[in-house]
Amino acid sequence: MLKVLKHPLITHKLTQMRNKNCGTKDFRQNLDEIAGLMAYEITRDIPLKEVEIETPVATCKTYEMEKEIVLVPILRAGLGMVNGICNLIPTVKIAHIGLYRDEETLEPHTYFEKYPKAVKDAIVMIVDPMLATGGSAIAAIDMVKKQGAKNIRLVCLVGAPEGVKAVEKAHPEVDIYLASLDEKLNEHGYIIPGLGDAGDRIFGTK
Ligand code: URA
C-alpha cells in the first residue's frame, strides 16, 4: 500500500530541497530532518512487548519494542537518509545494498550487499530518496527477501507514479512510504518536478 506522509514540516523542508539553489549542507540537513520525521510516522504501528522493570521507586510493567529494526540504504543516495533515522532510533542495525543504474537501460546492477543477522526477523526499512522507475527498489526488496526478511517497508522521499506502480506489482505486500508523489518520469528517468540527482546533491558531486 502507498502512504504519502503529509505533514507541514515535511512539505516545507522538501520545498527547500527541491530548490536548485539549495546547497549541499542545507540539502543534507533537510534530508536528515525529513527522514527522522518520516521514521516517526512509519514506526507508529511497530509491535511492543510487555516487560517488567525497576524504576528508582517501584516495579512496573511497561513496554519496549518487540522486534529489531534493520535499515537498508540503497547506495549511494540511500545513505543520506540514515543519520536522520539513526538519531530517532539509535538501536537500528544497518545493512547496505550497492546498486548502480545502467544509464542507457536504466536497469539496476548489484555491486555490494551486506546484512546484519537480525534481518530475517526484523522490521526492514529500505531507504532511497528517489523512487523513479522502481527498478532499484524492486531489486533491493528481492535481495532482502532472499535473506529471509518478511516485514519490509520501502521509504523514499519523492516517488513517480511509474515507480510506485512497478513496486506494487512486483511486491504487493510491501508498504511504500513517500513524502511526495510527483507527476511523472522524464525521458532520462528523472522524476518531474523532483529535485534532480539526489546522490549528487547529497554528496556535492556532479
Ligand atoms: N534518481 C535521482 O537521483 N533523481 C531522479 O529524479 C531519479 C532517479
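FYI, it's all coordinate maths here, none of it is from the lab. In this text, all values refer to a predicted model and were calculated from it rather than measured experimentally. Note that we place each Cβ from the backbone using ideal geometry, even for glycine, and neighbour counts take in every protein chain shown.
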Task: Given charges at beta-carbon only (K, R positive; D, E negative), |dipole| of the chain in Debye - done: 180 debye
TODO: Return the loop-located trypsin sites (Lys or Arg not before Pro) in segment 34-116 (DSSP other than H, G, I, E, B) with at most 10 other Cβ atoms within 10 Å of their own Cβ; answer none if there are none.
DONE: Arg44
Task: the chain - Debye-derived log10 I(q)/I(0), Cα point model, q = 0.11, 0.12 Å⁻¹ - done: -0.50, -0.59
- [ ] Return the FRET efficiency for the residue pair Asp102, Glu183: r is the Cβ-Cβ distance, R0 is 25 Å, and the value is rounded to the nearest 0.05.
- [x] 0.55
TODO: Quote the relative contact order of segment 1-64 in percent (integer), defining contacts as alpha-carbon pairs under 8 Å separated by 6+ residues.
DONE: 23 percent
Open item on the list: Using Cα-Cα distances under 8 Å and only pairs 6 or more residues apart, what relative contact order does the chain have, in percent?
Closed with: 22 percent
TODO: Give me Val72, Val92, Val155 ranked fewest to most by other Cβ atoms within 10 Å of their Cβ, as a rough exposure proxy.
DONE: Val92, Val155, Val72
Open item on the list: Can you compute the modelled spin-label distance between Lys25 and His12, with each label point 7 Å from Cα toward Cβ, in nm?
Closed with: 2.0 nm
Task: Violating pairs (Cα-Cα greater than 25 angstrom) within the set Lys184/Lys206; Lys6/Lys206; Lys120/Lys169; Lys114/Lys184; Lys6/Lys49; Lys13/Lys117 - done: Lys6/Lys206; Lys114/Lys184; Lys6/Lys49; Lys13/Lys117
TODO: For the chain, find the longest principal axis of its Cα atoms and tell me its angle to the long axis of helix 161-170, 0 to 90°, nearest 10.
DONE: 60 degrees
